[in-house]
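Notes to accompany the following structure.
Every read-out reported here was derived from the displayed coordinates using simple, explicitly stated rules and does not represent laboratory data. Fair warning: this is a prediction, and the values are worked out from it, not measured in the lab. All Cβ positions, even for glycine, are placed from backbone atoms using ideal geometry, and neighbour counts span all protein chains on display.
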Amino acid sequence: MNIDEHEHVIEVTDLRRVYGGGFEAVRGIGFSVTRGEVFALLGTNGAGKTSTVELLEGLAPPSGGRVRVLGHDPFLERAAVRPRTGVMLQEGGFPSDLTVSETARMWAGCTTGARPEAEALGLVGLGGKSQVRVKQLSGGERRRLDLALALLGEPEVLFLDEPTTGLDAEGRRDTWELVRTLRDAGTTVLLTTHYLEEAEGLADRLAILHEGRIATSGTPAEVTAGRPSRISFELPAGYFLGDLPPLAELGVCGHELDGRVVRLRTRELQRTATRVLAWAERAGVELHRLEVRSASLEEAFLGIAREQEVRA
Amino acid sequence: MSGGTVTWAPARRRLRALARAELTLLGRNRGVVFVALVVPLSLPFTVRPAIDQLDLKKEGLTAGAVVMTAAIGFSFLFAVYTSLVNAYVARREELVLKRLRTGELSDAEILTGTALPAVGLGLAQALLLCAGCAVLLHAGVPKAPYLMLLGLVAGLVLSAALAALTASFTRTTESSQVTAVPVVFLSMMGSGIAIPAEVLPDRIASVCELLPLSPAIRLISAGWTGRLSAQEVLMTVAIALAWTVVAVFAVRRWFRWEPRR
């Protein structure tokens, strides 16, 4: 038996996807996910997240490169992979005229070793909606129904394409809690998201996709390491950017002016913050909308987009 | 335990689950149910006066047999074909087919399971029509029931396969009212549904024999009258098989599982 099968539940090598019109959505990416890990694909709309996940789910063959899920090709060896995976697509996919419980019953009949439908619906808090038609559900409830069905077969590997898009804050938190519980029980989860806090809070490891390529990957800490922190505030009335102390002296490594709002990037957050505040104190001005943030995924994300723009 | 039962049991369970959901959906689509039930049961009787004008005796036909054959043909077209075009397109546009493909069902199971309720409805109608015509129109009993059975199988399978093929190039359920017209019209005119094939001019009839639903209608009609030689039966079955192979190949090649973006 191949040890790799157990180490790497998902393996992707030099993966490419070209659509009929010639558009290259995925341009040679590679990563692997080990058992029990939550892996996030992060990116803006059009970065190639869904195109990638659909190849992992086995909905289409790759145009190039290789995908292995649980040691199998998910497109060619569908029957070997499907009973062990759960999938939540980016968008619904349930007949609008069936009720929640009819939908769950249908899906359970198509799933090996399905848990009771009521239990799956209960997991996502839809227990009370079982007699409601799918078309009468809210967008968030539909996402939760989709998640419930992905969990019906107690899958070893779970693919979640933007699982919390359209959910309210509470629903989002519930979903995160559920994903953590599943991970703790040994489920491997691959999710896509464009919410930075979701990736930061949930993922053991992540990859940031940009225009079909992986711009950076690693643990959230690794990805944010080496990224500058940020300070922003509104310039006091009558003051201009030039009225601040010289930016180099503040330890600032980059800045932007957006209307009246100044954004400073720094790798020495404490020094820069202290000097900016000391200057304001001396000048006797109040800094409105003051924000001080250490390096975050958001900064990494925006930084990547900026760097790519410069290159282009 | 034999290997066969191990692999077939889950497939049967999946088909049953999908067919049950489809049956529920069919029952909730009033427009489709109305057309599927009313057209095959009423249209043949409206064409009956025209049939009475025809010289059926010369062709060895009875009015009852002609009406019943027409009715079963209408059932293929309206209970099975058009209602399934509608179902396949609706499921695809709601991303249901895509979602099903992420699960354990094979592609063939998805298409079959979706078709089962409509095919079942068509079969039930055909049997009901046989019984009804035999009693009400004194059409008598079929002289060659096995031909009739063969015809029913060919007609139901081809109607479903043609529906999947039509759905491949139909973008919305509304446009299916247009894209389904060629098959419906050609079959009604040329396959012996609205006009008995026996009364068509010979040269046209020999071309029309090659239409997809012609073999099925011919076998059903012959099942009633018993007027088909063994050679003709073989020829007719061969045409039906050829169409089935072509349709299956075409569906595998062209069926669209997702909406166009």
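3J(HN,Hα) couplings calculated from phi for the stretch B:187-201 with the Karplus curve 6.51 cos²θ - 1.76 cosθ + 1.60 (θ = phi - 60°) are, in sequence order, 5, 4, 7, x, 9, x, 9, 7, 10, x, 4, 5, 9, 6, x Hz; Gly and Pro show x. Percent of Cα-Cα pairs more than 21 Å apart in the stretch B:68-215, please. Value for the stretch B:68-215: 48 percent of Cα pairs lie more than 21 Å apart. According to the Cα-based calculation, Rg over Rh for chain B is 0.99, with Rh computed by the Kirkwood formula. Output the 0 to 90 degree angle, nearest 10, between the alpha-carbon long axis of helix A:139-151 and the longest principal axis computed from the alpha carbons of chain A. Around 50 degrees separate the two axes. Taking amide H as placed 1.01 Å from N in the peptide plane, the amide H of A:Ala215 sits under 5 Å from that of A:Ile208, A:Leu209, A:His210, each at least 5 places away or on another chain. Under 5 Å between amide hydrogens, built in the peptide plane, is the criterion, and for A:Val38 it picks out A:Val189, A:Asp204, A:Arg205 among residues at least 5 positions away or on other chains.
If you plug the beta carbon distance of A:Ala60 and B:Val248 into 1/(1 + (r/R0)^6) with R0 = 30 Å, you get a FRET efficiency near 0.85. Based on every Cα atom in the stretch A:118-241, Rg and the maximum pairwise Cα distance Dmax equal 18.9, 64 Å. With q set to 0.24 Å⁻¹, the log10 of I(q)/I(0) for the stretch A:229-294, from the Debye formula over equal scatterers at the Cα positions, is -1.09. Report the residue, chosen from A:Glu102, A:Glu162, A:Glu37, that carries the largest GNM mean-square fluctuation when chain A is represented by alpha-carbon nodes joined by springs under 10 Å. Highest fluctuation among the options: A:Glu102. Here the 3J(HN,Hα) profile of the stretch A:9-25, calculated from phi with Karplus coefficients 6.51, -1.76 and 1.60 at θ = phi - 60°, is 6, 10, 10, 10, 10, 6, 6, 9, 9, 10, 7, x, x, x, 6, 9, 7 Hz, Gly and Pro shown as x.
Per-residue Karplus couplings for the stretch A:121-133, computed as 6.51 cos²θ - 1.76 cosθ + 1.60 with θ equal to phi - 60°, are listed in order as 5, x, 4, 9, x, 10, x, x, 10, 5, 9, 8, 5 Hz, Gly and Pro entered as x. The relative contact order of the stretch B:161-261 comes to 37 percent, based on Cα pairs under 8 Å that sit 6 or more residues apart.
Of the residues B:Val141, B:Val153, B:Val178, the one that moves most in a GNM of chain B with alpha-carbon contacts below 10 Å is B:Val178.
Each Cα pair under 8 Å and six or more residues apart adds its separation to the average, and for the stretch A:97-211 the resulting relative contact order is 24 percent.
By other beta-carbon atoms within 10 Å, ranking B:Lys143, A:Lys49 with the fewest at the front produces B:Lys143, A:Lys49. How far is helix B:82-93 tilted, in degrees, relative to the longest principal axis of the Cα atoms in chain B, given as a value from 0 to 90 rounded to the nearest 10? Taking the Cα atoms of chain B, the angle to B:82-93 is about 10 degrees. For the stretch A:3-224, treating each Cα as an identical point scatterer without solvent, what Debye log10 I(q)/I(0) comes out at q = 0.14 1/Å? Normalising to I(0) and taking log10 leaves -0.85.
Here the stretch A:3-224 carries DSSP beta bridges of which approximately 55% are antiparallel, counting only pairs with both residues inside.
Multiply the residue separation of A:His194 and A:Ser294 by 0.36 nm, subtract the distance between their alpha-carbon atoms, and state the gained length in nm to one decimal. Present the calculation step by step, with values, prior to reporting the outcome.
On the way: separation 100, 0.36 × 100 = 36.00 nm, distance 2.01 nm.
Extra length available between A:His194 and A:Ser294 comes to 34.0 nm.
Across the stretch B:79-156, counting alpha-carbon atoms alone, Rg and Dmax equal 16.8, 52 Å. Highest GNM mean-square fluctuation among A:Leu42, A:Leu126, A:Leu151, for chain A modelled with Cα contacts below 10 Å: A:Leu126. Each of A:Ile231, B:Ile217 was scored by other Cβ atoms within 10 Å of its Cβ. Listed from fewest to most, they are A:Ile231, B:Ile217. For the protein assembly as shown, the ratio of Cα radius of gyration to the globular rule of thumb 2.2 N^0.38 Å stands at 1.30. Shielding value for A:102-109 is 5, the average number of Cβ atoms from other chains within 10 Å of each residue's Cβ.
Once the piece of chain linking A:Arg35 and A:Arg267 is laid out straight, how much longer is it, given 0.36 nm per residue of separation minus the C-alpha distance between them? Let's see the in-between values first.
Working: separation 232, 0.36 × 232 = 83.52 nm, distance 3.54 nm.
In short, 80.0 nm is gained.
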